[in-house]
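Engineer: This is the structure I have questions about; it appears just below.
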Amino acid sequence: MPDDDRLERLTRVRREPPPLRPVTVSEREELTPRMIRLTLVGDALCDLRVEQPASSVRLLVPTPGDDELVIPEWNGNEFLLADGSRPALRTFTPLRVDNAIGQLDVEIVRHPGGAVSEWAESVEAGAPAAISGPGRGYDHPSAAEYLIVLADETALPAAIQVAETASEGIAVHLHIEVIRADAHRNIELPDRHTVDWYVTESGQTPGGRLVDTVQTLEQLGDDTFVWAAGEASAMQAIRTHLFDTLGVERQRATVRGYWKPARADAARR
């Protein structure tokens, strides 16, 4: 029999996420051949406070093949539908949150096989959805003077927020990797910020160009910080180089895995 500590770990439940708030789609915009922006509205968004850049919300959409939105139940570990199946529920960065009118935007990477991505391809104004959140975001360190930001397409909205909210004393260098060259976007940022775009090389794991970029780094000054997000294995390689090779203190680097290729339909995208 397991000991008491092990039994406690086996039976421990996760903290229930914030409740799902009903919303409807009001606008759909194709930003690039790889990105769709949806505007969501609802009175329940009027008190959704998003105070940090790169925060997250969960977006629930109808199960593929069904126009009706069914709200799942929290079972202590995850949201499940009545038949025990998982709902079409994915995580995104909340953008342009306007509490006065109950509105927010999300940007969704277009990719085949994704339940939310395929829903977004044909969704029309008035379609039902639901939002839960917000999840944790990023606090700009007071000691930072230079911030290196690395992001793939799934993390691009969050990366832009991180750069936009940096104080005047912080210069940001963004490194953005996209699958195709036509996924480039014009990003309006202060002159003190710079942006480099990369295209994933044929046969390379997404995020590989970001890993290559980090591996060219040598010692980082005490005033230099890092924020990175994207494909999980690429983020792990970035962590290894920063923490193990360069010896960067962990409080100076925030590195988050957003998705895995083997579970593309479960990505934050």
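Engineer: Sort out which residues of segment 91-147 are of a type in the set (S, T, Y) and either more than 23 Å from G42 (Cα to Cα) or in contact with a Gly (Cβ under 7 Å, 6 or more places away or on another chain) (or both), and write them in order of number. Break it down stepwise before answering.
Structural biologist: Quick first cut of segment 91-147, residues of a type in the set (S, T, Y) only: 91, 93, 117, 122, 132, 138, 142, 146.
Y138, S142, Y146, listed by residue number.
Engineer: Check off (1) farther than 19 Å from A159 by Cα; (2) part of a helix (DSSP H, G or I); (3) at pLDDT below 95 for H241 and give me the number that stays unchecked.
Structural biologist: Unmet for H241, out of (1) farther than 19 Å from A159 by Cα; (2) part of a helix (DSSP H, G or I); (3) at pLDDT below 95: (3).
Engineer: Identify, from the list A183, A237, A232, the residue that is open to solvent by less than 20 Å² (accessible area, probe 1.4 Å) and either of a type in the set (G, A, S) or in contact (Cβ under 8 Å) with a residue 24 or more places away in the chain (or both).
Structural biologist: Values: A237 fails: open to solvent by less than 20 Å² (accessible area, probe 1.4 Å); A232 fails: open to solvent by less than 20 Å² (accessible area, probe 1.4 Å).
It is A183.
Engineer: Of all residues in segment 12-41 being charged (D, E, K, R), over 16 Å from L60 (Cα atoms) and in a loop (DSSP other than H, G, I, E, B), which is least open to solvent (accessible area, probe 1.4 Å)?
Structural biologist: Only one residue fits best here, namely R34.
Engineer: Within segment 42-56, can you find the residues that are more than 21 Å from A159 (Cβ to Cβ) and either of a type in the set (A, V, I, L, M) or in a loop (DSSP other than H, G, I, E, B) (or both)? I'd like the intermediate steps shown before the answer.
Structural biologist: The initial filter retains those residues of segment 42-56 that are more than 21 Å from A159 (Cβ to Cβ), namely 42-49.
Listed by number, the residues that qualify are G42, A44, L45, C46, D47, L48, R49.
Engineer: Keeping to segment 197-219, report how many residues are of a type outside the set (F, W, Y) and not in a helix (DSSP H, G or I).
Structural biologist: From segment 197-219, those of a type outside the set (F, W, Y) are 199-219; that's our starting set.
Right, trim to not in a helix (DSSP H, G or I) and you get 199-207, 216-219.
Residues meeting the conditions: 13.
Engineer: Testing Q161 on (1) among the polar types (S, T, N, Q); (2) in a loop (DSSP other than H, G, I, E, B); (3) touching a Leu at 6+ places or on another chain (Cβ under 9 Å), one condition comes back false. Which one is that?
Structural biologist: Just one mismatch for Q161, condition (2).
Engineer: To continue, here is another question. What pairs can you find where one residue is in segment 93-109 and without any contact (Cβ under 8 Å) to a residue 60 or more places away in the chain, the other is assigned to a strand (DSSP E or B), and their Cβ atoms are less than 7 Å apart, with a gap of 6+ or different chains?
Structural biologist: Filtered contacts from segment 93-109: P94/V57; P94/L104; P94/V106; P94/G133; P94/P134; R96/L104; R96/D105; V97/L104.
Engineer: Condition first: outside any strand (DSSP E or B) and small (G, A, S). Now tell me which residues in segment 127-158 satisfy that. Before you say what the answer is, go through the steps one by one.
Structural biologist: We begin by selecting, within segment 127-158, every residue outside any strand (DSSP E or B); these are 127, 136-145, 153-158.
Correct list: A127, G137, S142, A143, A144, A155, A158.
Engineer: For segment 142-169, which positions are more than 16 Å from the chain's Cα centre (by Cα) and open to solvent by less than 30 Å² (accessible area, probe 1.4 Å)?
Structural biologist: Selection gives A144, L147, I148, A166.
Engineer: Could you figure out which of (1) open to solvent by 30 Å² or more (accessible area, probe 1.4 Å); (2) closer than 20 Å to A143 by Cα; (3) not small (G, A, S) isn't true of V248?
Structural biologist: (1)
Engineer: Moving to a separate point now. Residues that are under 18 Å from the mean Cα position of the chain (by Cα) and either open to solvent by less than 20 Å² (accessible area, probe 1.4 Å) or closer than 22 Å to S55 by Cα (or both): does segment 189-203 have at least one?
Structural biologist: Within segment 189-203, none of the residues are under 18 Å from the mean Cα position of the chain (by Cα) and either open to solvent by less than 20 Å² (accessible area, probe 1.4 Å) or closer than 22 Å to S55 by Cα (or both).
The values are calculated or read from the model by the stated rules, or taken from the named source; none is laboratory data. Just so we're clear, the structure is a prediction, and the values are computed from it rather than from any experiment. Cβ sites come from the backbone with ideal geometry, for glycine too, and all protein chains shown count toward neighbours. Surface accessibility is based on the protein's heavy atoms, side chains included, excluding ligands, DNA and RNA. Shrake-Rupley method; radii C 1.70, N 1.55, O 1.52, S 1.80 Å.
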